[in-house]
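Notes follow once the structure below has been shown.
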């Protein structure tokens with residue numbers, strides 16, 4: 001009775017995971033292209049865009065696949081949301097990569113009918129991503145009886161931050177389209193990405209915070225202590241994200257927006273990977289310990305074990 005739904009659920013997860021690995025592989029390939037071909041890093045036409053979008057969307061699809069399993073969602077809603085997010089991520093990265101190989105800007109480009117179509121399709125993909133993230137955030141804010149309090153806090157804070165990241169992206173797209181509509185295309189290329197550091201630092205909180213909650217769940221810390229640690233982490237992260245957002249809004253960055261965005265994303269995702277590495281090592285140890293053969297002691301027959309510690313010892317050997 002449960003075999004068919006289980007197989008279907010696994011198939012639903014395999015497609016997004018395969019798509020995410022494809023996006024990450026694309027980012028790795030274009031990193032090699034950048035190393036061999038060279039070219040600018042910050043310009044509207046750059047190999048940076050296939051690299052950063054492929055890596056960021058690949059990580060995001062994997063994260064959303066995991067988050068959808070943690071949230072209490074109807075199976076149909078989970079499939080629909082995960083499918084829409086995966087399709088939109090592939091669309092965004094694919095079109096951006098196509099334009100990079102054509103040697104033309106991907107956003108705010110209306111030079112030809114095809115370029116206009118790409119620009120509008122990217123905007124539509126962004127709207128889809130925002131709708132999915134908002135739906136997941138609303139679901140996370142509802143009661144989650146199967147999740148520990150620390151994981152509930154991590155999921156809610158991470159998805160709220162992701163919603164803020166989508167909002168920053170929407171602001172940049174709207175600002176750039178406004179400039180492009182006014183005929184100020186060069187200015188749109190130059191200044192529309194001013195919130196990229198804020199967009200990057202808030203995008204992967206949904207990976208960072210639940211990863212920390214998962215790692216803490218692998219320890220012997222009581223849940224009350226884990227919850228306190230998550231609250232402190234969320235507060236520190238929120239303060240840092242607010243500082244980065246404010247600095248980006250007023251034009252104060254330590255580097256160009258593209259470089260600052262890449263650094264911000266790395267600062268967010270690197271600790272999450274470390275959390276998973278430590279948690280995975282501990283999980284492997286537990287699996288090995290549970291599968292280690294047990295030395296059995298005979299409890300009957302001529303080789304029955306003698307009582308330990310003399311006749312008054314009340315300890316018993318487990319067979």
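Residues of the stretch 43-57 being within 14 Å of residue 189 (Cβ to Cβ) and part of a helix (DSSP H, G or I), which ones?
Going residue by residue through the stretch 43-57, those that are within 14 Å of residue 189 (Cβ to Cβ) are 43-46, 48-49.
Once the filter is applied, which keeps residues that are within 14 Å of residue 189 (Cβ to Cβ) and part of a helix (DSSP H, G or I), the stretch 43-57 yields 48, 49.
When residue 105 is tested against (1) buried (at least 22 other Cβ atoms within 10 Å of the Cβ); (2) closer than 20 Å to residue 47 by Cβ; (3) more than 16 Å from the chain's Cα centre (by Cα); (4) modelled with pLDDT of 90 or more, just one condition goes unmet, and that condition is (4).
Residue by residue, here is whether (1) loosely packed, with under 15 Cβ neighbours inside 10 Å; (2) assigned by TED's automatic domain parsing to the domain that holds residue 54; (3) assigned to a loop (DSSP other than H, G, I, E, B) holds:
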site	(1), (2), (3)
175	no, no, no
183	yes, no, yes
193	no, no, yes
202	no, no, no
226	no, no, no
235	yes, no, no
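When 135, 123, 170 are checked against the criterion of being touching a residue at least 40 places away in the same chain (Cβ under 8 Å), over 15 Å from residue 205 (Cβ atoms), in the same structural domain as residue 240 (by TED's automatic domain parsing) and surrounded by fewer than 20 Cβ atoms within 10 Å (Cβ to Cβ), a single residue qualifies: 170.
Does residue 72 meet the test of being outside any helix (DSSP H, G or I) and either surrounded by fewer than 20 Cβ atoms within 10 Å (Cβ to Cβ) or modelled with pLDDT under 90 (or both)? Before the answer, list the steps.
Details: outside any helix (DSSP H, G or I): yes; either surrounded by fewer than 20 Cβ atoms within 10 Å (Cβ to Cβ) or modelled with pLDDT under 90 (or both): yes.
Yes.
The values are calculated or read from the model by the stated rules, or taken from the named source; none is laboratory data. Every value quoted in this text rests on a predicted model; they were computed, and no experiment measured them. Cβ: placed from backbone, ideal geometry, glycine included. Neighbour counts: every protein chain shown.
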